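The values are calculated or read from the model by the stated rules, or taken from the named source; none is laboratory data. These numbers were taken from a predicted model, which means no experiment stands behind them. All Cβ positions, even for glycine, are placed from backbone atoms using ideal geometry, and neighbour counts span all protein chains on display.
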Amino acid sequence: MKTAHILRKGFLALLGLIFSSALWAHGGAAGTDTDQCKFELEKDHWIHYTAYQPKAYPAEEFCGNLPDTDTLIQLVFDYQDQRYRNRAIEFEVTKEPEGKRVFFQPAEKHKSGTVILNLPEGVSEVGKYLIHITLLQDSGERLDAHMSFQAGKGQQTSKSGLALYALLFFGVLYIVYLSNAGFKRKVDELIGKAKEL
């Protein structure tokens, strides 16, 4: 009875941890308060950015690190402010640190509030890239914003993902420790020997 109760509580706790990882997808908070995939064009006026590699990773969203270089890259920008829909915005992607242009889209208006930039061949080299966004004001003034990403580092597990896996592993070990007398006895013996040292 007691073991079943402990196992049930442990399972529910682990289930809660698994589903809470969805909240970490864009920096750990609902909305965009700590969203690392957004950048500010003007004070308190943001654009959200998501990168995809749909051929190689059809169900994955990326922000700062793209696993591959030689597959279709889609960069998607969502305006979080209605007023940008009536202004022309220019996009450029450069390889850093040399500043070599790998993509350019001339200034145009995007009434839907979403811009999808396709780099059909991906990028040619592993390394750092910089997205340059230029907002053309009615006055002729140009506002610039930049966001960088890495390409070709392979599929990497985020630090929060690794922490979640470690927590799950130790949670399962603890449940086994509480529910299995033989395992508990061996762990207690090891802890006792460690204390003697």
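Evaluation of LEU143 against the conditions (1) assigned to a strand (DSSP E or B); (2) loosely packed, with under 14 Cβ neighbours inside 10 Å shows that the sole unmet condition is (2). Out of GLY192, GLY161, GLY171, GLY154, one residue alone is touching a Pro at 6+ places or on another chain (Cβ under 6 Å), at pLDDT below 85 and either outside the structural domain of ASP44 (by TED's automatic domain parsing) or not aromatic (Phe, Trp, Tyr) (or both). It is GLY154.
One residue alone among TYR57, TYR84 is modelled with pLDDT under 90 and in contact with a Gly (Cβ under 8 Å, 6 or more places away or on another chain), and that residue is TYR84.
Can you say whether GLY113 is under 18 Å from ARG87 (Cβ atoms) and without any contact (Cβ under 8 Å) to a residue 12 or more places away in the chain, as far as the supplied structure shows? The answer is no for GLY113. Would region 168-179 turn up any residue that is surrounded by 15 or more Cβ atoms within 10 Å (Cβ to Cβ) and closer than 30 Å to ASP70 by Cβ? Checked against the condition, which is being surrounded by 15 or more Cβ atoms within 10 Å (Cβ to Cβ) and closer than 30 Å to ASP70 by Cβ, region 168-179 yields no hits at all. Selection within region 81-100: residues that are basic (Lys, Arg) and closer than 16 Å to THR69 by Cβ. The member of this set that is nearest to the chain's Cα centre (by Cα) is LYS95. Note on region 58-89: residues that are out of contact with any His (no Cβ under 8 Å at 6 or more places or on another chain) and acidic (Asp, Glu) total 4. Selection of strands (runs of 3 or more DSSP E) fully inside region 48-101 by the criterion of at least 1 residues being touching an Asp or Glu at 6+ places or on another chain (Cβ under 6 Å) and aliphatic (A, V, I, L, M) returns 88-95.
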